Amino acid sequence: QLIKVSREKICEQQKLERYIDVIRINVLRLLRLVDNFIDIKKFDAGFYEFYPRNYNIVMLVEDTVLSASEYIKKKGIEIVFDTDTEEKFVYCDKNMIQRIMLNLLSNSVKFRKESSSEKSKILVYIEDEVDQVKICVKDNGIGITKERQNDIFETFKQVDRSFTRNNEGTGIGLSLVKNLAKINKGKISLKSSVNEGTEFTLEFPVNISLEECCISSLEEDITIEEKIDIEFSDIYD
């Protein structure tokens, strides 16, 4: 309808492109919402497609962070990646690890302190603990109250339930992250203080399989750039 009206009024090309961009963003938001609901139902039913392979999780996480860094920097946020090891192989699903990382990064972007004079920062660092690998995503955002921390990973729970919150959300994202980590034999925890920031910690066992599963069709069909567009679609401009 927007495009039809704009063509009838012979509006400027710049305005037409803006209308198309609005449509595209909302389609991505709907896609993300539908995907999340479907995935939640799969978890409830005890069924989820799992395509693990032996991956250098350090490189996998670093590539994901670097791919999202350009978008994050455009929001005026400083992002840093650090690791104490360059190679650590884990038998995991690449798409799930990417989705976990993008969800945690988008949360840090959404809940930054916009009015603060302090520069927003996100630190992603990896620690080699021999028999397991620890991945941390730390920010200096608005933080989470102790009361909310107990149910933050529950489905449909939101940190900010007010009508004036800056970012919309369904309360599904972190529940999905917890389930995705569990499928990969990992776990997630958090530390947070109001107005000081939040730190999510992922722990995965170091294991290698001699029998690798086939690569999923999703891995071949969707690029990391498209995954970023979908995961970050509910962050308002």
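The values are calculated or read from the model by the stated rules, or taken from the named source; none is laboratory data. Source: prediction; values computed, not measured. When we count neighbours, we look across all protein chains shown, and the Cβ atoms used for this are built from the backbone with ideal geometry, even at glycine. For the accessible areas, the whole protein counts, side chains as well, though only heavy atoms, and no ligand, DNA or RNA atoms are used. Shrake-Rupley method; radii C 1.70, N 1.55, O 1.52, S 1.80 Å.
Table for the structure above
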quantity	calculated
Given Lys88/Lys146; Lys182/Lys227; Lys138/Lys185; Lys146/Lys178; Lys113/Lys185, the pairs whose alpha carbons are separated by over 30 Å	Lys88/Lys146; Lys113/Lys185
Protection-proxy order for peptides 76-88, 128-140, each taking the mean of Cβ atoms within 10 Å per residue, highest first	128-140, 76-88
Evaluated over the stretch 1-113, the Cα radius of gyration and Dmax, each in Å	19.3, 60
Net lengthening on full extension, Asp44/Met59 (0.36 nm per residue, minus Cα-Cα)	2.2 nm
Solvent-accessible area, 1.4 Å probe, carbon plus sulfur percent, for the stretch 56-145	47 percent
